[in-house]
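Colleague: Shown below is the structure under consideration.
Read-outs: derived from the displayed coordinates by stated rules, not from any lab. Since this is a predicted model, take the numbers as computed values, not measurements. Here Cβ is always computed from backbone atoms with ideal geometry, including for glycine, and neighbour counts include all displayed protein chains.
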Amino acid sequence: MKGKAIMKRLLTASFIVAACICFAADNTDTNALTKAERRRIRREQRVIREGGMVTKPNLGREIRFVDAQKSVAHDAVEEAAKTVGEVVNVPFRVTSAEAEEPFTLAAKVAKEKSVGAAILLVNDERLPSITVAPEKSWAIVNVKPLSDDFPPKNMLALRVRKELVRAAAWALGAGESMMKPCIMQYEPTVADLDANRLLVPSPDPLMRMVNGALARGVDTIRIDTYKRACQEGWAPLPTNDIQKAIWNEVRKIPEKPLKIEFDAKSGK
């Protein structure tokens, strides 16, 4: 009997502990959230109510990256273009081209109506690692000087990626940064380039890149809620019930439209 009584008390205590744990778990969502987490949840709920996020169609120019070499994998160009596009928040495109005289190709691409700045990757015996013509909005990155010491493929790809970002910054009117660390530093040798671990510009050259892109007709990418897009007149057609309701609400004709009467005295 004594053993049964002890077992009964143990089971009762276990039940009480389990019940307390369950109660605490049920209240975690409301009591344990920080102010920042609650603000994030409210913001996400508002975005859902307003139809989600949409991107405004780009009607301006783009940053064009042209891969005109075969020594480095195309992925290095893709990664560099993605870095520039994301940090500057501008549209970009990567294309391939057959090798030809670099200056001629750069000038030809930069003159296209849809191009705000052209960044070329070539493999040429004559050119330095970077050649820039900011007044023409183009830059050329040369693989040859970056591969003279026969680095491993992954190191060469990283060098090319860094130089493409630096070249894009110079083509958009940025220069060397006063801030350290930053990818936009004086780096006369590949050893200096390798020692710089950063892949993105610091704030001061970044702002010059943004301003330079705008000056060259490259608009920053606009992302906003579907409701705001409807209010401003650039929303795409609705794709779900929430967006349809917002679309109809914004576009409906008011039941009591505002009437403006002509004032003969003022002539308005």
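Colleague: Only counting other Cβ atoms within 10 Å, I'd like Ile246, Ile221, Ile41 sorted with the fewest neighbours first.
Modeller: Arranged by neighbour count, lowest to highest, Ile246, Ile221, Ile41 become Ile41, Ile221, Ile246.
Colleague: Okay, next question. Angle between the Cα long axis of helix 2-26 and the longest principal axis of the chain, 0 to 90 degrees, nearest 10?
Modeller: Helix 2-26 sits at roughly 50 degrees to that axis.
Colleague: Moving on to the next point. Can you work out the Karplus-derived ³J(HN,Hα) for every residue in the range 169-174? Use 6.51 cos²θ - 1.76 cosθ + 1.60 with θ = phi - 60°, whole Hz, and x for glycine or proline.
Modeller: Each residue of the range 169-174 in turn: 4, 5, 5, 8, x, 7 Hz.
Colleague: Additional query: Please work out how much length the chain gains when fully extended from Arg197 to Ser266, using 0.36 nm per residue of separation minus the C-alpha to C-alpha distance, in nm with one decimal.
Modeller: 18.0 nm
Colleague: Right, here's the next one. Take every Cα pair under 8 Å in the range 62-215 that's 6+ residues apart, average their separations, divide by the length, and report that relative contact order as a whole percent.
Modeller: In percent, rounded to a whole number, it is 23.
Colleague: Something else now. Which of Asp149, Asp67, Asp204 comes first, and how do the rest follow, when ranked by fewest Cβ neighbours within 10 Å?
Modeller: Lowest to highest Cβ neighbour count: Asp149, Asp204, Asp67.
Colleague: Hey, another quick one. Treat the count of other C-beta atoms within 10 Å as a stand-in for reagent exposure and order Thr83, Thr220, Thr34 from fewest to most.
Modeller: Thr34, Thr220, Thr83
Colleague: For Thr55 and Lys256, what does the FRET efficiency come to when R0 = 41 Å and r is the distance between their Cβ atoms, rounded to the nearest 0.05?
Modeller: 0.70
Colleague: To the nearest 0.05, what FRET efficiency results for Glu44 and Glu78 with a Förster distance of 51 Å applied to their C-beta separation?
Modeller: Step by step, r from the Cβ atoms, then E = 0.95.
Colleague: Would you please give the residues with an amide H less than 5 Å from that of Val90, counting only those at least 5 places away or on a separate chain, with H modeled from the backbone geometry?
Modeller: Amide H to amide H, under 5 Å and 5 or more residues apart or across chains, Val90 pairs with Ile221.
Colleague: Something else now. At what distance in angstrom do the alpha carbon centres of the range 209-246 and the range 55-83 lie from each other?
Modeller: Their Cα centres are 22 Å away from one another.
Colleague: How tilted is helix 241-251 with respect to the longest principal axis of the chain? Cα atoms for both, answer in degrees (0 to 90, nearest 10).
Modeller: Computed tilt is about 70 degrees.
Colleague: Can you give the angle from 0 to 90° between the axis of helix 74-88 and the longest principal axis of the chain, with both taken from C-alpha atoms, to the nearest 10?
Modeller: Tilt of helix 74-88: around 70 degrees.
Colleague: Still on this structure, I have one more. Expressed in nm to one decimal, what extension gain is obtained for the pair Ile223 and Tyr186 from 0.36 nm per residue of sequence separation less their Cα-Cα distance?
Modeller: 9.8 nm
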